[in-house]
Amino acid sequence: MIKRDRIFYAACGLFMVGIVLALMEYEFALLFIVGAYLLRPTLHVFDLAGKKADERQVQIHSRSGNVAFIAVIITAIGLALLRIANGETAEEFYALIGIGIAARALVGLLMIGEFRRTGVLIIIAVGVVTALFGLASGGFSPAGLFVCLLGLLFASLGFAARRFPRAIAAVLTVIALVMIFGFKLYQFRPAGSAMTFAVLVMLLAAISIFLSSRSEDSATGAGSSKSSRAIVLVAISLSLIVLFAYIEIGSKSGDYKQTANQVSQEYTEIQGIAAIGPFEYYPNGKLESCTIVREDTLSGQPLSAGTVVHLTNDGVLDWCFLQQDTEIQGHLCRGESHGFMTGFHPNGQLKTAWLARDEVIQGIPCAKFRFMSSVFGGGDATRFHENGQLSFCTLSDGMTIEDQEFEKGDPVRFDEHGKMIVGKQ
Amino acid sequence: MKTNLRRFRFERGELSQQQLADMVSVSRQTIVAIEKGNYSPSVKLALLLAEKLETTVEELFELEDEDHD
């Protein structure tokens, strides 16, 4: 039996809007259709359904929501494992799982209603997770230890926040603002998952602490102001989570969708290449760079639509930004619009590649692109000489090379004959 | 937990499930679930039911032996 009240009619309105948008072939129509379904339970959760809330229905919504959350997480894990088994990356599923678990933990903390404690716990938890992640990802390498120390420092700020909450919240706010303006994050460009996440977490923790009051821990704290603060904080938290998801997930496919849309609109055939701009030309009129709009082979290399290509003065493929992970000369190279440059020698031999998976190349276990690269930038590209000999890589596993023992994460360099150039220091 | 909700509902002018539901601002399905013993109401709802049926919470609801485990 469907309860016909204002919420029901509002949901119907949302649903009809979604249907109209779907008929007009707008993809975000799904948001309205799903929003119509989730309107009532969402209003119940935030205690905004007023007298229209039936406690048993609220309990059913809560329990079914928990089951649905578990189902989504298990499905995401399964799909991620399937991707990995196929030798593909599963970054989107990691982000989905991380966002889901973080949102659940965060809302659970906020519902306790002790904002200062929530802010402190956020700082400590993120610090500890960062420290563990640094060790898990980089081991005891300098980069891994650095990230671990950074995480422990962040966690120690959390412990300090228990004594000086507002001072630490002010410090976090200043650091976040410096990062936002220093790295121009206000332009909503992906500056690295770690940086975006760190800024959002710092802002969230600071806001949570600032929203707390001195009477918070007393049994007779102001009830109505507490619930309104809770609503504000949850709304801000979920907005930040959605913002993070947009920056990290949406922006990665944004360029490709823009390119795909433009294919159906207008493209130019220039010097045998179907492409869209911005176009750059050499003084002699030869094409220097563009974005190809369909699968094409340049300098003997098949490239997918959306790849940004740069050509030499002679029209030879120099480097490119792959739109998606692409197999290049037997190596799965990472693609992400303007994130990872794949380079070529003049003879067409692969020169620089960001591996999308760990790979044994000429007997050397070479590491794929790792999280550390997104934090520190550069360093993990695999390079080749013009004769195809491996020039540089970061080891994905420990091994002995020319009687020297190397550990996972160590860089190794070879000359064009395959002889190691620099030994372990 | 055992409930005498149905009995008290009839004793108070043969109230229908819908009428009682409207009096305490819940759905009829909730009243049905309570009477069948499939749902334990909150303290607030239990007090409201007792007030509308002019009785006490202890008269409306009784703990059973397994509830003491």
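Laboratory data are not the source of any read-out in this text; all were calculated from the coordinates shown. Just so you know, these numbers come straight off a predicted model, no measurement behind them. Every residue, glycine among them, receives a Cβ derived from its backbone with ideal geometry; neighbour counts consider all protein chains shown.
Among B:TYR39, A:TYR9, the ranking by other beta carbons within 10 Å of each residue's beta carbon, starting with the fewest, stands as A:TYR9, B:TYR39.
In sequence order, the range A:398-411 has phi-based couplings of x, 6, 9, 10, 6, 6, 10, 8, 10, 9, 4, x, 6, x Hz under the Karplus curve 6.51 cos²θ - 1.76 cosθ + 1.60, θ = phi - 60°, and Gly or Pro positions carry x. Look at the stretch B:38-44: the mean tally of other chain Cβ atoms within 10 Å of its residues' Cβ atoms is 2.
Between A:LEU31 and A:ILE175, the contour length at 0.36 nm per residue exceeds the alpha carbon distance by 48.4 nm.
What shape does the range A:56-170 have by the C-alpha gyration tensor, where a ≥ b ≥ c are the square roots of the eigenvalues, rounded means a/c under 1.5, and otherwise prolate means a/b greater than b/c and oblate the rest? Write out the running numbers ahead of the final one.
Working: a/c = 4.00, a/b = 1.09, b/c = 3.66.
Oblate shape, in that a/c is at least 1.5 and b/c is the bigger or equal ratio.
For the range A:4-21, the Karplus equation 6.51 cos²θ - 1.76 cosθ + 1.60, evaluated at θ = phi - 60°, returns couplings of 8, 10, 4, 5, 4, 5, 5, 5, 4, x, 4, 4, 5, 4, x, 5, 4, 5 Hz by residue, with Gly and Pro reported as x. Here's how it looks for A:CYS366: its modeled amide H is under 5 Å from those of A:GLU359, A:VAL360, A:ILE361, A:SER396, which are all 5 or more places away or on a different chain. Taking other C-beta atoms within 10 Å as the exposure proxy, A:GLU114, B:GLU64 rank B:GLU64, A:GLU114 from fewest upward. Other protein chain C-beta atoms within 10 Å of residue C-beta, averaged over B:14-27: 1.
Taking amide hydrogens as placed 1.01 Å from N in the peptide plane, the amide H of A:LYS408 sits under 5 Å from those of A:GLY398, each at least 5 positions away in sequence or on another chain. The H on the amide N of A:LEU355, modeled in the peptide plane, is under 5 Å from the matching H of A:ARG334, A:PHE369, A:THR382, each at least 5 residues off or on a different chain. Residue-wise HN-Hα couplings along the range A:354-367, as the Karplus relation 6.51 cos²θ - 1.76 cosθ + 1.60 with θ = phi - 60° gives them from phi, are 9, 5, 8, 8, 4, 8, 8, 10, 6, x, 9, x, 9, 7 Hz; Gly and Pro carry x. Note on B:ARG6 and A:ASP358: their simple-model spin labels are 6.4 nm apart, each label 7 Å out from Cα toward Cβ.
What FRET efficiency do you get for A:MET24 and A:HIS417 if R0 is 45 Å and r is their Cβ-Cβ distance, rounded to the nearest 0.05?
On the way: r = 62 Å, r/R0 = 1.38.
It comes to 0.10.
How long is the gain from A:ARG294 to A:ASP397 if the chain were fully straight, where each residue apart is worth 0.36 nm and the alpha carbon distance is subtracted?
Details: separation 103, 0.36 × 103 = 37.08 nm, distance 3.77 nm.
Length difference between fully extended and current span is 33.3 nm.
Spin-label pair A:PHE210-B:GLU54: with each label point 7 Å from Cα along the Cα-Cβ axis, the two points sit 5.7 nm from one another. Counting Cβ atoms of other protein chains within 10 Å of each residue's Cβ and taking the mean over peptide A:55-61 gives 5.
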